[in-house]
Amino acid sequence: MPMTYLLRKLFEILPWLMHHLPGPQQKANSCCEFVCPFIRKGDQKPQGERGIPDEPQDFIDFYLAQIAKAKGDPASTYDEDNMNQSIFYLFLAGTETTTTTLRWALLYMVAYPDIQENVQKELDTVLGPSQLICYEDRKNLPYTNAVIHEIQRYCSIVLIAIPRESGKDTTLQGFPIPKGTLILPNLDSVLFDPEKWESPRQFSPSCFLDKEGNFVSREAFLPFSTGSRVCLGAQLARSELFIVFANLLRALMFTLPKGVEEISTKLVLGSTMQPQPYKLCVVPR
Ligand code: HEM
């Protein structure tokens, strides 16, 4: 098991220890120290510039309103430090995941040029050349939508969801799980489950299409996990992926660089599963 992956898991399980041990995680710590003041700059504008508006518009507005509401409650955890930390986590959780998925998306389009061509044909047929693409358009673009779903299934960037601890003694499929057991939900096993997918080890957008070419959602499609701790940004991520992917493919053609015959789709284990560094050729259509 590569070191970075092991360190990531240790960070999740024993964060206090990892802050004190030497190693690459110290670089992550110093990055945090760089980003945090930037976040604070955004929410600590002089009084009056960033007061609590009557109609909150964004996360910071809602959080400031909650801090004000909970003032005087000694049990409240709403304060500016926690707000800054939450913003930091949203950035952390929301940037690497989406960009990594898009890097896989372009890699697969180069590795499977027929699929790229089919997406482009659909985009050209359904959308006007200067039409602004919005998330609603996915309903008229079932093939493109299926390809994006298959990209997410096949790259499976979060192999294992956030660790849990069982709150009480229970059983799962006959196995006893005592209170306090550490549980690592294996999302990869669902996305590649041979009982749920016809050919899980093949890149095949057709698993999200019916015989008439309509998009079909699949129960085992869980790249954002499931349950009460499901990815908080799933909806944002879905629309970002759709809009960016559709815009890129409508305007550009992605191919292997001259002289390169093959491109590797093997992954590099990290905090998310990354493609290996690659070069591709981008041509306006
Ligand atoms: C392709 C993009 C993304 C993927 C594949 C993804 C996947 C995941 C997964 C698997 C989890 C763990 C859920 C669990 O443990 O059950 C998670 C948690 C989370 N994600 Fe995402 N995510 C993505 C984008 C985003 C974005 C854009 C945001 C926010 C802007 C975000 C915010 C979060 C947060 C805050 C959590 C923790 C939720 C909790 O513990 O209650 N994610 N994500």
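Once you have all Cα-Cα distances for the stretch 145-243, histogram them in 10 Å bins from zero and send the whole-percent values.
Pair shares across the bins are 14, 40, 30, 14, 3.
As I understand it, the value is the acute angle between the Cα axis of helix 25-43 and the longest principal axis of the Cα atoms of the chain; what does it come to in degrees, rounded to 10?
Roughly 80 degrees between the two axes.
Compute the projected area of the convex hull of the Cα atoms of the stretch 114-192, averaged over all viewing directions, and report it in nm² to one decimal place.
7.9
For the chain, what Kirkwood radius comes out of the mean inverse Cα-Cα distance, in Å?
It is 22.0 Å.
My understanding is that a pair violates if its Cα-Cα distance is over 28 Å; which of Lys139/Lys279; Lys27/Lys69; Lys121/Lys279; Lys27/Lys266; Lys139/Lys211 do that in this structure?
Over 28 Å Cα-Cα: Lys139/Lys279; Lys27/Lys69.
Each label point is 7 Å from the Cα along the Cα-to-Cβ direction; what then is the distance between the points at Gln235 and Ser189, in nm?
3.1
With the contact rule set at Cα under 8 Å and sequence spacing of 6 or more, what percent relative contact order holds for the chain?
Rounded, it is 20 percent for the chain.
When the distances between all Cα atoms of the stretch 171-226 are binned every 10 Å from zero, what whole-number percent does each bin get?
Values per bin, smallest distances first: 19, 40, 25, 13, 3.
For the stretch 229-285, just the Cα atoms, rotate onto the principal axes and tell me the three extents in Å, largest first.
Between the extreme Cα coordinates on each principal axis of the stretch 229-285 lie 46, 30, 10 Å.
Could you tell me what % of all Cα pairs in the stretch 136-175 have separations over 14 Å?
Of the Cα pairs, 69 percent sit more than 14 Å apart.
Let's test this: bin the Cα-Cα distances of the stretch 185-285 at 10 Å from zero up to the farthest pair and state each bin's percent.
With 10 Å bins starting at 0, P(r) equals 11, 30, 42, 16, 1.
Going by average Cβ density within 10 Å per residue, which order do the peptides 241-247, 115-121, 75-81 take, highest to lowest?
241-247, 115-121, 75-81
Each value in this text was obtained by applying a stated rule to the coordinates, not by laboratory testing. A quick note: this is a predicted structure, and the numbers were derived from the prediction, not measured. Cβ: placed from backbone, ideal geometry, glycine included. Neighbour counts: every protein chain shown.
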